[in-house]
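In what follows, a structure is listed as structure tokens, so that the remarks can point back to it.
The values are calculated or read from the model by the stated rules, or taken from the named source; none is laboratory data. Everything quoted here is computed from the prediction, not taken from an experiment. Virtual Cβ from ideal backbone geometry, glycine too; neighbours counted across all protein chains shown. The protein model used for the area step is the full one, side chains on, heavy atoms only, and it has no ligands, DNA or RNA in it. Shrake-Rupley method; radii C 1.70, N 1.55, O 1.52, S 1.80 Å.
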Amino acid sequence: MAAIRHTLQREVFETDYERLLAFVQVTKALKKKKPSFLCIVVSKESPITVKIYQVKKTEKSNFKKKRNWPITMIQSVDGKSTSYDNTEFDLYFDKVYKWSAINAQERQSFIIVLWKQCCHYLKEKPEFKNFPPEWVAGDLGMPVENQTNLNEQVDPGEVEDYQALTEKEEQDLIQLMEDCGFTVSNAEAFMETLAKDLSILDGENIQSVLASEQRVSSLMGHLDVAIAEVERVENQLNAYDEIICHVRNTMEKMEEKNRLIEVANKNNQKLLTELEKVILELELDSKHQVALVDADLTTAQGLKEAINAGKALQAVMNAEIHPALIQLSAVQEQKKRFDKWKSKFSQIISRHLNNLFIHLGNDPGEQTGTLGRELNLPKHSSLHKELNNYTELMHWIKAMDRKAYHALTKVYTSALGKLYDRDIKYFLEEAKRNISLQAGVMGGSREDVSNKSKSQNSTSALLGIEREQWSESDPGERARFNQIFEKVLSQLEPVCLSEQQFCINFFQLDILSPTTRNTQTTLDTVSRDLKLEEPSVPLPNHRVERQMNEEVRKMMADIFGCIEQELMTFISYYEKIDNIYCLYILVRLTQHVMSAQDAGSFLSKSFGSVLVQVKRNYDKFMQTQLQSILDCRGSRKSKCGIIPFVSNFEVFAKTTEHIFKDTARRADLDKWYVRLVGAMFESIPVIASDHLKTPAEVVKMENFHHLYALLSQLKISVLDNQRKEAKVKYNEALRAYVTRYFGRPLEKLNLFFDGVQAKVGQGVKESEISYQMAFSKQELRKVIKEYPAKEVKRGLDHLYRKVEKHLCEEENLLQVVWRAMQEEFIQQYKYIEDLIQRCYPGAMIALEFSIEDILSFFSEIARSH
């Protein structure tokens, strides 16, 4: 420790004239870093300063100062624990520095020295907490075993370090030793010489003191005179100081007065500037005053002057004036004049625009649909163009007179609502006439169109009823309806969007008013309660946008309130004629709703409401089709044939596939496809079991075969599983029919060999069967003789006639069934032949006909019919 102390003093602090008092080797708490030294150092020169240095060892094994803190910066010292063995402590400077000492004894020595220095140099000692009491008290009370080390390190302030000789001292010592060269070998002689010289010097000093006594007395007299003179000068200076203090007080009072005068001048200048500003900002040109009172809005020049006058009035009523100045009587009088001009100007604008709105409500539009022209919804761009000249005046009315603004808004929506109501009704009537006229009712009037709808057969094209009962429908008329309905929707969109955009611009619907008051200007005195009711905190952007959209939709609803009702009337008209129209309407409306430029616009919302109703009608139509399948009972003729919903599904599917091709509503159609075909799978077995004349197997076989072929032809991906299921059910029905009606044509032979199989099952060997009396060779030959080839052919012919009576001609399944029966007969023949060979080997017994004969029988019978 002494070596480290000496090294630190020599390498680090000696060059800066500083002395090391204590040190401790530490690391940062909770961090694995190289250790460093915290050193308490005092300066050797005045003014005396005490610092704490952090010294680190460099890679070249040299010591280097890293940072330092004056002892005056210490706020507190925390020892973490009062235990002697604890090594952690915190120093609080500008921030907390957490340290962990390598040695607990070094930590103790460092803390005690730090406490001493703080007590010695600081008026307000920092807080030392969580230390043993004896460390931070006047009586250290250290353990005995620690005294020795502490004397070495703690008390360096009382024992000075070794100091080197100065150059002059070194030269004097060398000279002395040269004069006494024998001292190297005779120290006692050297000491005697030094003592003799010292006594001589003492004697000379005493004589010098005695000789200077008179001079000392003279010096003391002069000092007394000097002291008296100094007292006189001090008294004179005190007098001067009193005079100067009086002058200083006087000057301070004068400076205060000058400062107050300067402040008053500045305030007067500011007041004058503010008053000039108020007068300038509240001044309204005389030409504007005339224009406000007697505005001519019928001419372009008069309209321009009125707009400029309105802007000028709005500007002066919103002048940036200090709230305190508004209470001035002159300002209040001027405000009354402004309010008078504002009321008069607002009345002129309101009266003119009110009359203009009512007049323009009778605008015929640019185009009107007639028999000789293409179907078009009239547009009113000329009306908008004329009103655009008054846009700035309407904005002025909104800002300056909210009551008049709302009144004008109601007049406009009422007038334009009647106009568009007339146009839309006429437009949809023309659309009906165009559909009917293109369908062949040439030269007809509206009454003819109405009579056509009444004369239409309202019987729906239901899957569960016979095709003959369907109402007559023209695919071309459906296509024309689809085309014209698309045109109706396409014509409505630009007209509504154009009117919406005009209303947004003209009535300034895209800007929210900051208050609900009739007029809000800077000259209006706002009470404290009103300020509380109308906070200045801005609304979030999404709420502002939502509120603006609601205002736009509300105005559009007042103008185009008839759209939704008229569209539903138009749609209902054609749904009564043919329910299939609801599919076209659903697809077209969905396309327009999905492709809308502004999903939040009034028209999109209206189309959406109509779409919801149309979707309900579509689901109702599909539910009716589903119920017709479940209610169907099939034909009561001798042959059931193809059930109506199976045969009708082809037409239905082709129509719907054409309508829903590549549309967003494909998923809705696929969902109903699955339900409808599922209902068919449920209804076919029920109808088959209820039919009294046609076998159930035939009904299922023919209908599932037809359904399988139809689904294979349509290639509807969502019905792929149903197609496979239809094939399975068709094959099952075919096998069931063949099993039931073909049976076993060689019945006695089959019974004979059933007995043989029973004996074999009881343990009799197949080679010994012929020894059984009931199953002897003679008995077998007797049974075989009962089935000659001619008799077998006659039985097959009778069977063919029966199958022909069961099957319908539309499906052409007779040859399929006949071939399945042929395969069944051959299989039974092979079974009997195999048993004869196994049970009667070598008996030369065989049936009277061969497989070739069977194939010939089946072929001849099929050709003969």
Original post:
Say R0 is 60 Å: what FRET efficiency, to the nearest 0.05, do SER609 and ASN268 get from their beta-carbon distance?
Top reply: 0.30
Original post:
Which lysines does LYS782 reach when only Cα atoms under 25 Å apart count, and residues fewer than 8 places away in its own chain are ignored?
Top reply: LYS748, LYS759, LYS765, LYS790, LYS793, LYS830
Subject >> Under the Karplus curve 6.51 cos²θ - 1.76 cosθ + 1.60, θ = phi - 60°, whole-Hz ³J(HN,Hα) for segment 277-292, x wherever Gly or Pro sits >> reply: 5, 4, 4, 5, 6, 9, 8, 10, 4, 5, 5, 5, 4, 5, 5, 5
Original post:
Relative contact order (percent) for the chain, with alpha-carbon contacts under 8 angstrom and 6 or more residues of separation?
Top reply: 6 percent
Subject >> Segment GLN501-ILE174, length gained on full extension (0.36 nm per residue, minus Cα span) >> reply: 106.4 nm
Original post:
ARG467 to ARG735: extension gain in nm, 0.36 nm per residue of separation minus the Cα-Cα distance?
Top reply: 93.4 nm
**OP:** Could you look at segment 562-602 and say what percent of its accessible area is carbon and sulfur, using a 1.4 Å probe and all protein chains?
**Re:** 49 percent
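What whole-number value in Å² describes the accessible area per residue of the chain for a 1.4 Å probe?
58 Å²
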**OP:** Apply the Karplus parameterisation 6.51 cos²θ - 1.76 cosθ + 1.60, with θ equal to phi minus 60°, to every residue of segment 322-331 and state each ³J(HN,Hα) to the nearest whole Hz, in sequence, with x for glycine and proline.
**Re:** 4, x, 5, 6, 5, 6, 4, 4, 5, 5
Original post:
Looking at (i) -0.57, -0.86, -0.97; (ii) -0.44, -0.95, -1.10; (iii) -0.77, -0.98, -1.08, which value of log10 I(q)/I(0) by the Debye sum over Cα atoms at q = 0.05, 0.08, 0.09 Å⁻¹ comes from a calculation on the structure shown?
Top reply: (iii)
**OP:** Determine the share of segment 275-327's accessible area contributed by carbon and sulfur atoms, expressed in whole percent, with a 1.4 angstrom probe.
**Re:** 55 percent
Subject >> Computed E for GLN547/GLN713 - FRET, C-beta separation, R0 56 angstrom, nearest 0.05 >> reply: 0.50
Subject >> Helix axis angle, 563-577 relative to the chain longest principal axis, alpha carbon, degrees >> reply: 20 degrees
Original post:
Tell me, what % of the accessible area of segment 606-744 is carbon and sulfur with a 1.4 angstrom probe?
Top reply: 49 percent
Original post:
When Lys and Arg each count +1 and Asp and Glu each count -1, what net charge do the other residues less than 15 Å away from ILE769, Cβ to Cβ, add up to?
Top reply: 0
Original post:
Helix 104-121 versus the longest principal axis of the chain: what angle, 0 to 90°, nearest 10, using Cα atoms?
Top reply: 60 degrees
Original post:
Viscosity 0.692 mPa s, temperature 37 °C: Stokes-Einstein D of segment 67-117 from its Kirkwood Cα radius, in µm² per second?
Top reply: 285 µm²/s
Original post:
Could you give the angle, 0 to 90 degrees to the nearest 10, between helix 602-631's Cα long axis and the longest principal axis of the Cα atoms of the chain?
Top reply: 40 degrees
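What whole-number value in cubic angstrom gives the convex hull volume per residue for the C-alpha atoms of segment 1-99?
Roughly 117 Å³ of hull volume per residue.
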Original post:
Which FRET efficiency value, to the nearest 0.05, is calculated for GLN827 and SER490 with the Förster distance at 60 angstrom and r the Cβ-Cβ distance?
Top reply: 0.35
Subject >> Qualifying trypsin sites (Lys or Arg not before Pro) for segment 48-84 [loop in DSSP, other Cβ within 10 Å: at most 10] >> reply: LYS60
Subject >> Reduced Cα scattering model of segment 555-655, Debye log10 I(q)/I(0), q = 0.23 Å⁻¹ >> reply: -1.21
Original post:
List the GluC sites (Glu not before Pro) in segment 232-308 that DSSP assigns to loop (not H, G, I, E or B) and whose Cβ has at most 16 other Cβ atoms within 10 Å. Which are they?
Top reply: GLU283
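Hey, got a sec? Which chymotrypsin sites (Phe, Trp or Tyr not before Pro) in segment 179-264 land in a DSSP loop and have at most 15 other Cβ atoms within 10 Å? Write down the numbers at each step before the final one.
Values: sites: PHE182, PHE190, TYR240; in loops: none.
Loop-located and lightly packed - none at all.
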